[in-house]
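Structure record follows, encoded as structure tokens.
The values are calculated or read from the model by the stated rules, or taken from the named source; none is laboratory data. What you see is a predicted model, and the numbers here were worked out from it, not measured in a lab. Note that each Cβ is placed from the backbone with ideal geometry, even for glycine, and that neighbours are counted across all protein chains shown. For the accessible areas, the whole protein counts, side chains as well, though only heavy atoms, and no ligand, DNA or RNA atoms are used. Shrake-Rupley method; radii C 1.70, N 1.55, O 1.52, S 1.80 Å.
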Amino acid sequence: MDRHICDGLRVEHLEAPLGLGAERPRFSWRMETNDVGSWQAGYELEVAEAETGSVVWASGQRNESDSVLVAYEGAALRSNTAYTWRVRTWSSASAAPSEWASSRFETGLMRRSDWSAHWVEPEQVPAGVERWTMVDWIAGRRPEGEPAQRLRPTRLLRQSFDLALPVLRARLYATARGIYEAHVNGRAADDQVLAPGFDSYAHRTSVQCYDVTGLLRTGPNALGFALADGWWAGRIGLTGSSAQWGARIAALWQLEIEHVDGSHTTVASDATVRSTRGPHDYADLFVGERLDRRAVIDGWNEPGLDDSRWRPVRVLDEDLENLTPFHGEPVRRVLELAPVRISGDVDSGFLVDFGQVVAGRVRLTMPQLAPGTTVTIEHTEALAADGSWFVNIDGINKEQTDVYVAAGLAGGERYEPSFTFHGFRYARVHGLPAAPSPADIRAVVLSSDLEPAGDFTTSDERLNRLHRNTVWSQRGNFLSIPTDCPQRERAGWSGDIQVFAPAAANNANVAAFLTRWLRNLRADQLPDGAVPIYSPRSPFDADQAATGEGLGAIVAAPGWGDAIAIVPWVLYERYADAGVLAENYDAMLAWIDHQARTAAAGIPARLDRGSMDARTRENHSLLFNTGENFGDWLTPSTLRGRPLHEAIGIAPRLTGEIVGPMFQIRTLDLVSRIAAVLGRDDDAARFSGRARRLRQAFAEEYITEDGRLGCDLQGPHVLALAFDLVPEDRRALAAAHLAHLVRANGDRLDTGFLSVPHLLDVLQDTGYGDLAQRVLWQSEEPSWLYEVDQGATTIWESWDAVAPDGTPRAVSMNHYAFGCVDDWLYRRVAGISPLSAGYREFLVEPDFTSGLSHVQASINSPYGRIEIAWTLAEGTTNEGTADEGTATVELTVPPNTRATLRLDGVEETLPNGFHVRRTNPARIASHAGLRAHPAP
Ligand code: RAM
């Protein structure tokens, strides 16, 4: 008997969101059924106002199988309103519908006219304006004076008001220039941290929505806001320059209250707000903060405080056009780690190892201390080979040190920073009279609080560690925006996320998070269509690029700017989100026009236009092959044996010309496919035609008769094969040459940032699967498992970040880009890859030749969880050779999807069902022989 239910209800990918900014949101659900082979035959959806129950849209019964991102078709939703929605489905196996399943969501303040609040500025000494460049950093220039002399205190704001009537519903909408913590009657408005998060503030400033119903009361009430410099005024980015958006911090809020009798009260930031100095002598996102517990004003955020000596605020008369409801998941404390080891003493400081590189901060519980005792906490990601303290993050304003000044409270004190975070595995604590007990110190892990999605485990502990390291680097760098690293730059580099997005999408639901980042990227796109190398991009960044030289002058770059097409495509492929394609479409067109115009404007400097024939001249006028860029960034062989700042320009010089047109064609291909998805068939045809002509031009100018690329490195060959740029008759030659380059490098990769995500796929797809396996299992640097063998707990920026003798380099230990291989593990080792958007159809093709005896993986597709587990029967593997054996594959195919199971070249279509178990003869090759150093 068929039983089916609806489950997993989501609005715009989010579970019961508050403060949503969509006038016409999209709804998703999953049909769960016990009937193998049944499909959703129909659905009915209703949206109603929660308070009145009045239905604002009813779809009626629709005989359609859609269940992902079904668009609301009613009249535009109202702001600041709670809605309930319900859905039921019909299954192909029965005439009766499922029970209704329901959920809720609320809209935020979506329109300019919703706002009566004003920005309010506390009295303040403006932030010191520090302007540093990359050149200053390399030259070792550093600011003079201690942070306490250069930085300024936090500010407190409060607003008192009376409520005559009981409260039915109250929502606080708030944001800041800087970062803030909102309090209502002495209690935190909720558990998020570092609000409002990082945005390209000049264009868009996110507004948080808090449910504060339970915190208000009749009679006197108080709102309290603690305010720090944050991304707005603090020292941020690679250069550590301050005040990149402004030197003055401010806040803005509007509290919307509905009373039991149906009346309404609005409390908005205005001239009634009072301000004073906060208890932090300074608080900077990168440098760290200094909290003087003695300066905490008891009851500062509660009613009844005598604030007559607080100062009035400056009310700004500014347009609020750029306020936008926050989209996605806020940053929260997502995990806490206990120390694995505490050593050291009072003099040298207590050294605490949390066993894992994280982004976050330390929470310390202290015994009763003498008033004025100063406790400092320093952070680092790596220790020297002998276990002594080492600072791996070198730069300007990168102290990563927090200071706590004790009040001498009876019963002890507890401290966790509020307005900063750090990248670290180790902390060193000075100022405590004795070692903290393990129970008294925690690493508090901060991250955007995304819904976990897939998992991946195998019979090999090193590979499992590699996967976990990737997940940890994702966690540490998905913090408000996708960043390169959580300590030195924290910049939203478009190249890094372009490379890593597919892996990220397997491990967490990144749809809303990346949708919001793309909004920033679009906001930062230049009028000439250039898509910047990172976003948010501050006015200071713009000045720097205008006056910079060499790499410092780069505004947009191949493989970075292309994120505008690649990232939306990944979201479409993994989550069936065509809306994100539509939303970014114009920006993609502007980018491809930018590429075309740049191409037409010049030819590479090494060429002489005069001696070119007409065809060559035309080719070069089509190819995006000029201008400074990062090339196949960090190509390992170009970095060897030279100081980083010297070596860093070599890969751009060698590969910069050739990667441009390759990504230009890749993006044209994608935009052509995107146009087709959006029903813009003319565009689709136009762009695929353009791509065809560019392929010809590229092959004529850059591919030799024997299938080689002008630049004899692995990366260009990988990209040319991955993007299908090598004419069919020379593909095998190109692949053979790539295989030769890999072998000649000792079965090791020598790919940079842009090519590394494609290396193993290309080897596998061109008949060199064995070599792909050797590169994967390689334990000599550069390789993924070298890092694992060196005890890495995250993915490093440089393959040789730690030398074989354990000596660390001063580079980031937490850069997710090279963790892109994690996607390959899901797709090609576990064997799950999407064939159509959202895995509605997917391929299951496990790789039994990977040298593993067992693999288990799952992917949380929008239709339900895809699960695979495969095991090779014992005794069937043979060292290094192919052998006949038996593989057992267990597969869960979610409802409303269809799997194609390909085992040893034989395909079988599996409709949705619960569990499929196949035992097949399989060709198995063990690569156990390659695993020279088994995991400890
Ligand atoms: C470094 C960043 C990032 C990369 C750029 C080009 O500074 O860490 O990873 O995208 O350079």
query = Restricting the range 770-795 to residues that are in contact with a Leu (Cβ under 7 Å, 6 or more places away or on another chain) and open to solvent by 10 Å² or more (accessible area, probe 1.4 Å), which is nearest to the ligand (Cβ to nearest atom)?
reply = Val788
note = When the range 393-441 is checked residue by residue, the ones that are open to solvent by 40 Å² or more (accessible area, probe 1.4 Å) and aliphatic (A, V, I, L, M) are Leu409, Ala410, Ala434, Ala435, Ala439
key: Matching entry among Arg693, Arg748 (being open to solvent by 40 Å² or more (accessible area, probe 1.4 Å) and part of a helix (DSSP H, G or I))   = Arg693
message = I'm checking my understanding of the structure. Among residues of the range 555-611 that are of a type in the set (D, E, K, R) and modelled with pLDDT under 95, which one is least open to solvent (accessible area, probe 1.4 Å)?
response = Asp608
note = Residue hits (the range 625-648; open to solvent by less than 20 Å² (accessible area, probe 1.4 Å) and either within 11 Å of the ligand (Cβ to nearest atom) or at pLDDT 95 or above (or both)) are Asn625, Asn629, Phe630, Gly631, Asp632, Leu634, Thr635, Pro636, Thr638
request  = Identify, from the list Asp317, Asp270, Asp307, Asp353, the residue that is in contact (Cβ under 8 Å) with a residue 12 or more places away in the chain and part of a strand (DSSP E or B).
outcome  = Asp353
query = In this structure, is Val444 open to solvent by 40 Å² or more (accessible area, probe 1.4 Å) and modelled with pLDDT of 95 or more?
reply = no
ask   = So which residues in the range 503-523 are open to solvent by 10 Å² or more (accessible area, probe 1.4 Å) and under 23 Å from Leu238 (Cα atoms)?
value = Arg519, Arg522, Ala523
task = Could you pull out the residue among Leu725, Leu670 that is in contact with a helix residue (DSSP H, G or I) (Cβ under 8 Å, 6 or more places away or on another chain), not charged (D, E, K, R) and not in a loop (DSSP other than H, G, I, E, B)?
result = Leu670
remark   = How many residues of the range 403-421 are of a type outside the set (Ser, Thr, Tyr) and in contact with an Asp or Glu (Cβ under 8 Å, 6 or more places away or on another chain)? The answer is 6
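Which of the residues that make up the range 803-820 are under 25 Å from Ala772 (Cβ atoms) and away from the ligand (no atom under 16 Å from the Cβ)?
Listed by number, the list holds a single entry, Pro804.
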message = Need pairs with beta-carbon distance below 7 Å; first residue in contact (Cβ under 8 Å) with a residue 24 or more places away in the chain and within the range 614-638, second acidic (Asp, Glu) and surrounded by fewer than 18 Cβ atoms within 10 Å (Cβ to Cβ); sequence gap 6+ or separate chains.
response = Asn619/Glu700
